[in-house]
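Here is the structure we will look at, set down as structure tokens.
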Amino acid sequence: MSTDPYGLRPGEAAIELPEDFDAGVYFVGRIRTPWQRREECPKNARESDAVCSIEVDPRYAAALKDIETSSHLLVLYWMDKARRDLVLQAPRHYDTQRGTFALRSPVRPNPIAASVVKLVGVAGPRLSVIGLDCLDGTPLIDIKPYFASVDAVPDAVVGWHAERKT
């Protein structure tokens, strides 16, 4: 049963979730953004130039050693307010129903999101970054350096998006 106050949109299909989880995750901090409601969030992280904060739990502060040498980071976060039971979705920005695994929507069995952010400052266990698209207080899963040499795939294609007319 979903706790999503928005319910299903036309073209969406939900499933019954498994009773138990397969793994556990340690949240290593929280993300601070100006957005309190999902309607306020940018559709994707590249749409905003807002400076956001990543607050790393003090117990993990030592893990930030040398982070300031990176211009960009890969940030993984848990979209804790997203429903987890949809297998078909009808995104409000598109006219066509898609499978959850064909979308970047936060609505998925494991609502893990990833953004490449620009690191603009480090103050103790707090990072200032540009390039996030989540609600204030979103749990942080991990931070990794972004390597343009191995992370970028310039010829990657999402066929249905490439064919989009608008």
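The values are calculated or read from the model by the stated rules, or taken from the named source; none is laboratory data. Note that the coordinates shown come from a computational prediction; the quantities given were computed from them, not determined experimentally. Reconstructed Cβ throughout: ideal geometry from the backbone, glycine too, with neighbour counts over all protein chains shown.
Of all residues being basic (K, R) and under 15 Å from the mean Cα position of the chain (by Cα) in the stretch 33-59, which is farthest from V150 (Cα to Cα)? Just the residue, please. Checked the stretch 33-59; the qualifying residue farthest from V150 (Cα to Cα) is R37. Taking the criterion of being at pLDDT 80 or above and not aliphatic (A, V, I, L, M), the residues of the stretch 1-15 that qualify are R9, P10, G11, E12. Quick one: is A62 outside any strand (DSSP E or B), at pLDDT 90 or above, out of contact with any Cys (no Cβ under 6 Å at 6 or more places or on another chain) and within 23 Å of K144 (Cα to Cα)? So A62 passes the test.
When A90 is tested against (1) of a type outside the set (D, E, K, R); (2) in contact (Cβ under 8 Å) with a residue 24 or more places away in the chain; (3) surrounded by 17 or more Cβ atoms within 10 Å (Cβ to Cβ), exactly one condition is not met: (3). Residue check: is P34 at negative phi, in a loop (DSSP other than H, G, I, E, B) and surrounded by 14 or more Cβ atoms within 10 Å (Cβ to Cβ)? Taking the combined requirement at face value, the residue does not satisfy it.
Filter the stretch 16-31 down to the residues that are part of a loop (DSSP other than H, G, I, E, B) and surrounded by 10 or more Cβ atoms within 10 Å (Cβ to Cβ), then identify the one that is modelled with the lowest pLDDT.
L17
Taken together, L132, L140 contain a single residue that is closer than 17 Å to N44 by Cα and either surrounded by 18 or more Cβ atoms within 10 Å (Cβ to Cβ) or in contact (Cβ under 8 Å) with a residue 60 or more places away in the chain (or both), which is L132. One residue stands out in the stretch 93-113 among those that are assigned to a strand (DSSP E or B) and surrounded by 14 or more Cβ atoms within 10 Å (Cβ to Cβ): the one that is nearest to the chain's Cα centre (by Cα), namely A113. If only residues of the stretch 40-60 that are of a type in the set (A, V, I, L, M) and within 11 Å of L127 (Cα to Cα) are counted, the one that is surrounded by the most Cβ atoms within 10 Å (Cβ to Cβ) is I54.
Yes/no matrix, rows are residues, columns are (1) more than 24 Å from A152 (Cβ to Cβ); (2) touching a Pro at 6+ places or on another chain (Cβ under 7 Å); (3) in contact (Cβ under 8 Å) with a residue 12 or more places away in the chain:
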| site | (1), (2), (3) |
| --- | --- |
| A23 | yes, no, no |
| I31 | no, no, yes |
| S48 | no, yes, yes |
| Y60 | yes, no, yes |
| P125 | yes, yes, yes |
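Of all the criteria given as (1) in contact with a Lys or Arg (Cβ under 8 Å, 6 or more places away or on another chain); (2) among the hydrophobic types (A, V, I, L, M, F, W, C); (3) assigned to a loop (DSSP other than H, G, I, E, B), the one not satisfied by L132 is (1).
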